[in-house]
Amino acid sequence: MSERRVRDERGATAVEFAFIVPLLVLLVIGIAEFGHAFQVQGTLSAAAREGVRAMALRNDPADARAVVRNAAASLHPAITDDQIDIVIVGGTAESCPTTGAGDTAVRLTVTYPKPYLTGFFGSEIELTGTGVMRCNG
């Protein structure tokens with residue numbers, strides 16, 4: 001009786017393996033995609049902080065954009081100036097006042113369309129990094 005039972009269950013392992021492998025592959029791909037998105041988000045946040053600091057201290061939007069591009073140089077495709085938004089918050093000035101900043105702050109937002117590594121979940125996801133700092137430090 002036991003010999004017949006072994007013969008009947010011979011292919012069961014292969015069938016179970018065929019059911020489990022796609023789920024495991026999907027799980028591994030999801031972990032890789034999430035990890036990469038997390039790394040890109042950290043890079044965007046750090047670049048936004050560096051850029052807003054440059055804008056708050058030097059009051060030069062072109063310099064702030066260059067600082068952001070340099071801080072996020074590891075991203076591919078690279079960040080462009082169109083993806084960097086600089087806004088003066090509070091007060092009426094269009095740039096950071098050179099003296100007596102008061103409640104005036106600058107907010108810098110970097111928007112980045114992160115392409116998926118595998119394309120399995122779509123083509124891209126939009127990530128943002130934001131930094132806010134009071135003008136003149």
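In the chain, the sites counted are GluC sites (Glu not before Pro) in DSSP loop states with at most 10 other Cβ atoms within 10 Å, and the longest stretch holding none of them, exclusive of the sites, is 10-93.
Among SER45, SER95, SER74, the largest mean-square fluctuation in a Gaussian network model of the chain, built with springs joining Cα atoms closer than 10 Å, belongs to SER74.
Taking all Cα pairs closer than 8 Å and separated by 6 or more residues, the relative contact order of the stretch 36-137 comes to 34 percent.
For the chain, adding -39500 (n - 2.57) for each run of n ≥ 4 DSSP H residues and dividing by the number of residues yields -16500 deg cm²/dmol at 222 nm.
The coefficient of translational diffusion for the chain, derived via Stokes-Einstein from the alpha carbon Kirkwood radius under 20 °C and 1.002 mPa s, stands at 119 µm²/s. Here the residues LEU57, LEU27, ranked from fewest to most Cβ neighbours within 10 Å of their Cβ, fall in the order LEU27, LEU57.
Can you tell me how the stretch 17-76 classifies by the Cα gyration tensor, rounded, prolate or oblate, using a/c under 1.5 as the rounded cut? Verdict is prolate for the stretch 17-76. First measure r as the distance between the Cβ atoms of PHE38 and ASP103, then evaluate 1/(1 + (r/R0)^6) with R0 = 30 Å and state the FRET efficiency to the nearest 0.05. Once the sixth-power term is evaluated, E becomes 0.35.
Specify the angular offset, from 0 to 90 degrees and rounded to the nearest 10, of the alpha carbon long axis of helix 61-71 from the longest principal axis of the alpha carbons in the chain. In the chain, helix 61-71 runs at an angle near 30 degrees to the longest axis. Full extension of the chain segment joining ARG10 with ALA62 gains 11.8 nm, where the gain is 0.36 nm per residue of separation less the Cα-Cα distance. Between LEU26 and PHE121, the modelled labels are 1.4 nm apart [label points 7 Å from Cα along Cα→Cβ]. Sorting 17-25, 105-113 by average packing, meaning the other beta carbons within 10 Å per residue, from highest down gives 105-113, 17-25.
Every number in this text was worked out from the coordinates using simple rules, so none of it is lab data. Treat the numbers as computed from the prediction; the structure is a model and nothing was measured. For neighbour counting, all protein chains shown are included, and Cβ atoms are generated from backbone atoms with ideal geometry for every residue, glycine included.
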